[in-house]
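Chemist: Sharing a structure here in structure tokens format.
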Amino acid sequence: MTIDPTSHEPRYRQLARLLRERIDAGDYRPGQRLPSEERLEQIYGLGRNAVRDALRILKAEGVVRTVTGSGSYVRGRQEVTMVRVTSGAVIATRMPTAEERQALGLDEGVALFVVERPGQEPEVLAGDRTTLIVE
């Protein structure tokens, strides 16, 4: 598992693929911290920007989560919840409070769906693992 400097695939994409393969193989398990950016630079002979770009890809894919000042951690595979929304309901999005983010296990920057149905309490849903089906 090395980076091929002669490949047409950008090095940061190669690193993202290699890390994803290692996660899929169980080398890094859910909740486990990945090596530091500096260590990944040393292991794969890459610059800081390539390592950061690779981690950004994995974060966008939901494979890792980043904790400021601590590092990047492997996320468990999360199921997507399908929620049916009928006519008359109002759907809004907003950023969560710190308490909501902690309670729902959300990464920083993940928005919420708020579904308000007539005569019911608003339903607050994690935007990164909810699909709304509007009928």
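The values are calculated or read from the model by the stated rules, or taken from the named source; none is laboratory data. The model shown is predicted, which means the values in this text are computed figures rather than measured ones. A quick note on method: Cβ atoms are made from the backbone with ideal geometry, for glycine too, and the neighbour counts reach across all protein chains shown.
Chemist: Within the range 47-55, identify whether any single residue is farther than 30 Å from residue 131 by Cα, part of a loop (DSSP other than H, G, I, E, B) and modelled with pLDDT of 90 or more, and answer yes or no.
Modeler: yes
Chemist: Which number in (1) under 30 Å from residue 9 (Cα atoms); (2) among the β-branched types (Val, Ile, Thr); (3) touching a residue at least 24 places away in the same chain (Cβ under 8 Å) marks the one condition that residue 93 misses?
Modeler: Checking residue 93 against (1) under 30 Å from residue 9 (Cα atoms); (2) among the β-branched types (Val, Ile, Thr); (3) touching a residue at least 24 places away in the same chain (Cβ under 8 Å), the one that fails is (1).
Chemist: Being β-branched (Val, Ile, Thr), surrounded by 17 or more Cβ atoms within 10 Å (Cβ to Cβ) and farther than 11 Å from residue 72 by Cβ is the filter here; which residues of the range 24-57 pass it?
Modeler: Correct list: 57 only.
Chemist: Regarding residue 127, is this residue within 16 Å of the chain's Cα centre (by Cα) and not assigned by TED's automatic domain parsing to the domain that holds residue 30?
Modeler: Answer is yes for this residue.
Chemist: Look at residue 96 and say whether it is within 19 Å of the chain's Cα centre (by Cα), surrounded by 14 or more Cβ atoms within 10 Å (Cβ to Cβ) and assigned by TED's automatic domain parsing to the domain that holds residue 117.
Modeler: yes
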